[in-house]
Amino acid sequence: MPADLTGTYLTLDDGRPAVRFSRTYDHPVDRVWHFVTDPDELAEWFPSRAEIELRPGGRITFSGDPHMEDSTGEVIAVDPPRHLSFEWGGDEVHFDLEALEDKRTRFTLTNVLVAADTAARNGAGWEVCLSALDAKARGERFEGPHAGAAAPWREIYQGYVEAGVPSGAPVPGMD
């Protein structure tokens with residue numbers, strides 16, 4: 001069965017490659033803001049634990065990812081509770097939240113890539129992470145973004161490759 005791909009590969013106006021995902025959550029924007037800024041909330045779905053100084057130029061400390069060494073990044077922009085963007089390993093990650101009717105929120109994650117050939121790899125990784133966030137938003141328990149061999153990462157990655165999304169970058173833990 002083919003993977004259900006929810007990400008979109010795009011080229012931004014400035015020419016940089018990116019992958020983008022959008023979800024709608026049945027929570028008010030302030031609650032979804034906590035999903036993306038609170039270290040304990042992030043630890044349940046984001047690839048790394050992230051301790052964030054919520055100010056432009058603030059430091060982010062990433063830890064606990066079994067496929068990456070601990071690292072730091074920098075906050076690019078923050079506009080609570082609507083926008084957070086930061087640098088992570090050369091890439092940029094942008095969270096945009098839009099309040100909708102009935103206390104719902106449109107959540108958009110854009111991963112601006114340092115290299116186009118990372119698109120399929122990163123897209124597959126975000127699919128697994130966002131599955132964990134989707135479950136969290138529904139109040140369900142999920143094994144987290146590092147669900148081990150049970151995670152459908154390889155199938156999703158292959159789906160992105162077959163869809164023509166740029167690929168070929170090394171894959172941590174596989175290469």
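The values are calculated or read from the model by the stated rules, or taken from the named source; none is laboratory data. Because the structure is predicted, anything quoted here is derived from the model rather than measured. Note: ideal-geometry Cβ built from the backbone for every residue, glycine included; neighbour counts use all protein chains shown. For accessibility, only protein heavy atoms count, side chains too; no ligands or nucleic acids. Shrake-Rupley method; radii C 1.70, N 1.55, O 1.52, S 1.80 Å.
Structural remarks
- Failed condition for Asp102, given (1) open to solvent by less than 80 Å² (accessible area, probe 1.4 Å); (2) in a helix (DSSP H, G or I); (3) of a type in the set (D, E, K, R): (1)
- Count of the range 11-26 residues, restricted to those that are open to solvent by less than 40 Å² (accessible area, probe 1.4 Å) and not hydroxyl-bearing (Ser, Thr, Tyr), is 6.
- Filter result (among the small types (Gly, Ala, Ser) and at pLDDT 75 or above) within the range 139-175: Gly139, Gly159, Ala163, Gly164, Ser167, Gly168, Ala169
- Selection within the range 1-10 - open to solvent by 50 Å² or more (accessible area, probe 1.4 Å) and among the hydrophobic types (A, V, I, L, M, F, W, C): Met1, Leu5
- Taken over the range 59-71, residues that are surrounded by 13 or more Cβ atoms within 10 Å (Cβ to Cβ) and more than 17 Å from Phe142 (Cβ to Cβ) amount to 7.
- Ala50 being in contact with a Pro (Cβ under 7 Å, 6 or more places away or on another chain) and small (Gly, Ala, Ser): yes
- Pick from the range 11-43, criterion in a helix (DSSP H, G or I) and of a type in the set (Asp, Glu), ranking: nearest to Asp96 (Cα to Cα): Asp30
- Within the range 28-40, the set of residues being in contact (Cβ under 8 Å) with a residue 60 or more places away in the chain and either surrounded by 17 or more Cβ atoms within 10 Å (Cβ to Cβ) or among the hydrophobic types (A, V, I, L, M, F, W, C) (or both) comprises Val29, Val32, Trp33, Phe35, Val36.
- Once the range 42-51 is narrowed to residues that are open to solvent by 30 Å² or more (accessible area, probe 1.4 Å) and touching a Lys or Arg at 6+ places or on another chain (Cβ under 8 Å), the residue that is farthest from Asp70 (Cα to Cα) is Glu44.
- Residue check for Trp88: crowded, with 18+ Cβ neighbours inside 10 Å and either touching a strand residue (DSSP E or B) at 6+ places or on another chain (Cβ under 6 Å) or farther than 30 Å from Gly164 by Cα (or both): yes
- Within the range 105-137, if we keep just the residues that are assigned to a loop (DSSP other than H, G, I, E, B) and touching a residue at least 40 places away in the same chain (Cβ under 8 Å), the residue that is least open to solvent (accessible area, probe 1.4 Å) turns out to be Leu113.
- As a summary of the residue check, Pro56 satisfies the conditions (1) more than 30 Å from Arg141 (Cβ to Cβ); (2) loosely packed, with under 14 Cβ neighbours inside 10 Å; (3) in contact (Cβ under 8 Å) with a residue 60 or more places away in the chain except for the one numbered (3).
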